[in-house]
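*Asks:* Input: one structure, supplied below.
Values in this text are rule-based calculations from the coordinates and carry no lab data. Remember, it's a predicted structure, so these values are computed and weren't measured experimentally. Ideal geometry is used to build each Cβ from the backbone, glycine not excepted, and the neighbour counts take in all protein chains shown.
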Amino acid sequence: MRYWSILFALAAVFSIGAFVYAPFSPDWWLPNSANEPYHAVSKFGREIDSLFLIILWITGIVFIGTQIALVWVSWKYIDKPGSVATYFHGSQRLEVIWTIIPAAILVFIALYQMGTWAEIKFRSSAPKVLPLAEVTARQFQWVIRYAGPDGKLHTTDDLHLVNDLHFVKSAEKLEKPALIWLQSGDVLHSFFLPQLRIKQDAVPGLKIPVWFDCDRAGQYELLCAELCGWGHYKMRSKVTVHENQADFDEWMQRKLSEQNQSQIAAVAQGGK
Amino acid sequence: MISRFRWALIAGTVSLAGCGEMFDPGPLEYVDSPSLQTELKDKPTMQAAVRKALGNLFGPEPREIHVPVGSGLPMGGARLASHRHFDDGAKPQAFHVAVGSSTSTPGTIPIRGGFALYREHCLHCHGVSGAGDGPTAPFLYPRPRDYRKGIFKFTSTNTGQKPTRSDLEKTIRYGLHGTSMPAFDAMLTEREFQQVIDYVIFLSLRGETELALIGEAGIADEKDPNALSDEVSGEILRAVANKWKSADSQVMNPPIPKPESTPESIQRGKELFLGLNKTGNKVDCTSCHGPQALGNGPSFISQDVFNYVVFGGDPSTRGERLDAEAERIARKRFEMANHGSAHEPTADELKPLLAQIKKQWEDSLDDWKEPLRPANLNRGVYKGGRRPIDIYWRVAKGINGAKMPAHVPTLEPEKVWDVVNFVLALPYEPKLLEGATLPAAPPTSAPKVAQPKYDLSNTTLLADSPPPADPKAGNTK
């Protein structure tokens, strides 16, 4: 039945077709803001995307090549009545080639991505800025403690919010990313900013610095990317990137005055 | 599109059917209040009458929602649940929930209604009837709120009054810190918040009306067919609904704004907290919150007994753990009272000691008969909110259903603000209460359970306070 090879060919064509289609659909492609579906809004995001594309090209080409070879072999060398199989001990040259080529590709990818990894994850590359906030992941919400006007955490002017992350776009901050300290109040969670391509596990007992940048003001999302319990889906937070520092300061002042509300008349029912 | 999901559903069902341990959430029906059985034990007719009256008022089962006339809830039903009209205008207040309807067109957000939202987000903790008995409830401390008593803890209204809608909205929107109630701020739309609030009030109304009907049935004659007539049950419902309607007029607004948090104000607050103030009325904070405000005052059962009983195993065997602990403490106290004599206490000798410990445990329960802890004020975690006005409300009018009492008018508003300033400063100034002790011992000679430092090397789980006569007795067993 050489027609089985057609089925395998079709499976391969569907897989490749899905990847060919994906870039043309914002729903299938990488998570970006709705206004600019093909523009990653952060510097790290663009680096990650370029790494992703390189790997997609390499694996795509290899996939197409191996599928063509597989389908061709299963078509051509189909079992025929009366045909006799030949036995041989293998080809050392072929084995060396198909070991060295993938190994070289892997080494290339490993070396090529090192810079990006170091820039996003190494503590030594953390930006030398005052922390924006301390983010505590807990079942099932993001508890965010902003450093407040004095820029220092754990002082009386800290702003306490839940599921509401705000920062200023990077062009206004001399291209410096925003820095948070991430911790967990209970189990493993993962701090995931899909549009900014940042993902970092929150590990109980550790305080982990996380930095991220964004060059478009707007609304984004913060999600939990580690199944943390029955309410995992509830760990969804608004992310607001402000156009400039003055905007951000104005927002913080407003939130602080809500937090300091001491009479109903002060903020007419607004602090609810 | 639909067929693709249908195939996935079939494939999923087939593959799951093999597992044999599919989670069964149980039937979607209201549970009876436990007092229906206890209060009306010998009155089966009255039990049936209560169920019938409740079914008439609120609907016989969760999917058939009757919004009672005069309840203050939206009559159209659109905000309460995703209902259809139930019976051709004969009863305009009766609506039936459209089950399994997915008529939404792409691009529009379906208005799902409070019942649907409640089932999705709230039911697994708060339960079908709002009894705080959802499938995840036994794993949580504090336990999810049982709305049926109509008591809500964190309100802006006067002591014992219903919360306003904005109080409930604040709880749902921002969660309750230090509890398992999460924040739904980013999950729901403005309209959905109102729908969920409607449904929570509906469940609370229903539960409180049920309790009132049981009370009425309890004093009624078993043979009286009109004991719970429509007029009587309608009257009972109106009394409950009026409490909700009057909530907005019951909001407590502090008469003066919070003064500057000066060291003097904090110091005055500290003196009030410790009962050291020389002038004015004294308040007693330390007997519950403890002299270091760690939430370990002597009025409450000690932290390690609490931890052992509440967190030491299966929640359903709490009673057994409490009995075992009480026995241990009683023996220890007996030993210490008798200066470590080798003589084994008899059952009669243990009895008063046991009763005392059980009493202390009973005193440490809230109105839902759930074990309670006073807040540790050093952590900066405030369940009812951290705004000064929130803490003012907690101090001034107490916490409904819990042991925190009201302190207005015992304290003048400016003194309450001093306490608020002190409470807000405490997490940032850990030395504020260094070395503070309980105020002079009250005249009663009842032995208090001491608050030992949590020490794993300590072989006795319960270090009890040594009697003053023999300081060595409390060291080891």
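*Asks:* Per-residue counts of other Cβ atoms within 10 Å, averaged by peptide: what ranking do you get for B:393-400, A:160-167, A:207-214, highest first? Kindly include the intermediate steps, with their values, before the conclusion.
*Replies:* Working: B:393-400: 23.5, A:160-167: 21.8, A:207-214: 20.0.
Per-residue Cβ counts within 10 Å, averaged per peptide and sorted highest first, yield B:393-400, A:160-167, A:207-214.
*Asks:* Next up: Please average, across the residues of A:230-239, the number of beta carbons from any other chain that are within 10 Å of each residue's own beta carbon, and give a whole number.
*Replies:* Numbers: counts 5, 6, 0, 3, 7, 4, 4, 4, 2, 1.
Taking all residues of A:230-239 together, the mean is 4.
*Asks:* Set Lys and Arg Cβ to +1 and Asp and Glu Cβ to -1, take the dipole of chain A about its Cα centre, and tell me which of A:214, A:165, A:86 lies farthest positive.
*Replies:* Highest projection toward the positive end goes to A:86.
*Asks:* To continue, here is another question. Mind giving me the FRET efficiency for residue A:1 and residue A:46? R0 is 56 Å, r the Cβ-Cβ distance, nearest 0.05 is fine.
*Replies:* Numbers: r = 49 Å, r/R0 = 0.87.
Between residue A:1 and residue A:46 the formula returns 0.70.
*Asks:* Hey, another quick one. Non-local amide H neighbours of residue A:190 (under 5 Å, H modeled in plane, Pro and chain starts lacking H): which ones?
*Replies:* Sorted by chain and number, the residues that satisfy this are A:202, A:225, A:226.
*Asks:* Still on this model: Take residue A:119, project a point 7 Å from its Cα along the Cβ direction, then tell me which residues of segment A:185-202 have their backbone nitrogen under 20 Å from it.
*Replies:* A:193-200
*Asks:* Another question, then. What is the Rg over Rh value, at two decimals, for segment A:1-156, using alpha-carbon atoms and the Kirkwood definition of Rh? Write out the running numbers ahead of the final one.
*Replies:* Values: Rg = 25.2 Å, Rh = 21.4 Å.
Over the Cα atoms of segment A:1-156, Rg/Rh equals 1.18.
*Asks:* Just tell me how shielded A:255-261 is by partners: mean number of partner chain Cβ atoms within 10 Å of each residue's Cβ, no decimals. If you can, show how the numbers build up before the last one.
*Replies:* Details: counts 0, 0, 0, 1, 5, 7, 7.
The per-residue average across the peptide is 3.
*Asks:* If you don't mind, there's one more thing I want to ask. Principal axes first, then extents: for the Cα atoms of segment A:132-208, list largest minus smallest coordinate on each axis, whole Å, largest first.
*Replies:* Projected onto its principal axes, the Cα set of segment A:132-208 covers 35, 33, 20 Å.
*Asks:* By counting other Cβ atoms within 10 Å of each Cβ, how are B:58, A:248 ranked from fewest to most? Working shown, then result.
*Replies:* Numbers: B:58 24, A:248 20.
In order of increasing Cβ crowding within 10 Å: A:248, B:58.
*Asks:* Here's another thing I want to ask about it. Per-residue HN-Hα couplings for segment B:218-231, Karplus 6.51 cos²θ - 1.76 cosθ + 1.60 at θ = phi - 60°, whole Hz, x for Gly and Pro?
*Replies:* Result, rounded to whole Hz: x, 8, 7, 6, 3, 8, 6, x, 9, 4, 10, 5, 4, 5.
*Asks:* Hey, how many Å between the Cα centroid of segment B:308-370 and the Cα centroid of segment A:1-53?
*Replies:* The two parts, judged by their Cα centres, are 66 Å apart.
*Asks:* Just counting partner chain Cβ atoms within 10 Å, what average do the residues of peptide B:385-391 show around their Cβ? Kindly include the intermediate steps, with their values, before the conclusion.
*Replies:* Values: counts 4, 3, 9, 6, 8, 4, 1.
Mean shielding by partner chains, rounded to a whole number: 5.
*Asks:* Exceeding 26 Å between C-alpha atoms, which entries from my cross-link table qualify? They are B:149/B:258; B:162/B:278; A:255/B:282; B:153/B:369; A:128/B:170; B:383/B:415. Don't skip to the answer; put the middle values down first.
*Replies:* Numbers: B:149/B:258 33 Å; B:162/B:278 36 Å; A:255/B:282 35 Å; B:153/B:369 14 Å; A:128/B:170 37 Å; B:383/B:415 22 Å.
Table pairs above 26 Å Cα-Cα are B:149/B:258; B:162/B:278; A:255/B:282; A:128/B:170.
*Asks:* Contour minus end-to-end for residue A:95 and residue A:80, with contour as 0.36 nm per residue of separation and end-to-end as the Cα-Cα distance?
*Replies:* Values: separation 15, 0.36 × 15 = 5.40 nm, distance 2.81 nm.
Working it through step by step, the gained length comes to 2.6 nm.
*Asks:* Between segment A:89-103 and segment B:155-191, what is the C-alpha centre distance in whole Å?
*Replies:* After rounding, the separation between the Cα centres reads 66 Å.
*Asks:* Using the Cα centre of segment A:127-259 as the reference point, and only Cβ charges (+1 on K/R, -1 on D/E), how large is the resulting charge dipole? Debye, rounded to the nearest 20. All intermediate terms of the calculation are to be shown ahead of the outcome.
*Replies:* Numbers: 16 positive and 18 negative charges, 67 e Å.
Computed about the Cα centre, the dipole is about 320 debye.
*Asks:* Cα extents of chain A along the three principal axes, largest first, in whole Å?
*Replies:* 96, 37, 35
*Asks:* Which trypsin sites (Lys or Arg not before Pro) in segment A:78-173 pass both tests, a DSSP loop state and at most 15 other beta-carbon atoms within 10 Å? Mind dumping the intermediate values first?
*Replies:* Values: sites: A:93, A:121, A:123, A:128, A:138, A:145, A:152, A:169, A:173; in loops: A:128, A:152, A:169.
Passing sites in segment A:78-173 are A:128, A:152.
*Asks:* Starting with the fewest neighbours, write out B:154, A:88 ranked by other beta-carbon atoms found within 10 Å of each beta-carbon. Mind dumping the intermediate values first?
*Replies:* Details: B:154 20, A:88 5.
Placing the least packed residue first, the sequence is A:88, B:154.
*Asks:* Search the structure for amide H atoms under 5 Å from the amide H of residue B:65, placed 1.01 Å from N in the peptide plane, and list their residues when 5 or more places away or on another chain.
*Replies:* Those qualifying (amide H under 5 Å, at least 5 residues apart or on another chain) are B:95, B:97.
*Asks:* Taking amide hydrogens as modeled 1.01 Å from N in the peptide plane, which residues meet the under 5 Å criterion relative to residue A:133, leaving out close sequence neighbours?
*Replies:* It is A:147, A:181, by chain and number.
*Asks:* Using θ = phi - 60° and the Karplus curve 6.51 cos²θ - 1.76 cosθ + 1.60, what whole-Hz ³J(HN,Hα) does each residue of segment A:62-67 get, with Gly and Pro shown as x?
*Replies:* 5, 4, 4, x, 5, 5
*Asks:* Evaluate the Kirkwood expression for the hydrodynamic radius of segment A:127-259, namely the inverse of the mean inverse distance over all pairs of different C-alpha atoms, and round to one decimal in Å. Intermediate results must be reported in sequence, preceding the final value.
*Replies:* Working: mean 1/r = 0.0676 Å⁻¹.
When all Cα pairs of segment A:127-259 are included, the Kirkwood radius is 14.8 Å.
*Asks:* Determine the distance separating the Cα centre of segment A:228-254 from the Cα centre of segment B:216-247; give it in Å without decimals.
*Replies:* 48
*Asks:* About the Cα centre of segment A:1-128, how large is the charge dipole given +1 on each Lys and Arg Cβ and -1 on each Asp and Glu Cβ? Please answer in debye to the nearest 20.
*Replies:* Details: 9 positive and 7 negative charges, 49 e Å.
The calculation lands at about 240 debye.
*Asks:* Using the Karplus equation 6.51 cos²θ - 1.76 cosθ + 1.60 (θ = phi - 60°), what ³J(HN,Hα) coupling, rounded to whole Hz, does each residue of segment B:318-335 give in order, writing x for Gly and Pro?
*Replies:* 4, x, 5, 5, 5, 4, 4, 5, 4, 4, 5, 5, 4, 4, 5, 5, 4, 4
*Asks:* Which whole-number percent is the relative contact order of segment A:127-259 (Cα, under 8 Å, 6+ apart)?
*Replies:* Numbers: 318 pairs, mean separation 36.0, N = 133.
Answer for segment A:127-259 is 27 percent.
*Asks:* Would segment B:363-417 count as rounded, prolate or oblate if I go by the C-alpha gyration tensor, calling it rounded below 1.5 in a/c and otherwise prolate when a/b exceeds b/c, oblate otherwise? List each step's numbers first, then the result.
*Replies:* Values: a/c = 2.33, a/b = 1.38, b/c = 1.69.
Judged from the Cα gyration tensor, segment B:363-417 comes out oblate (a/c at least 1.5, b/c at or above a/b).
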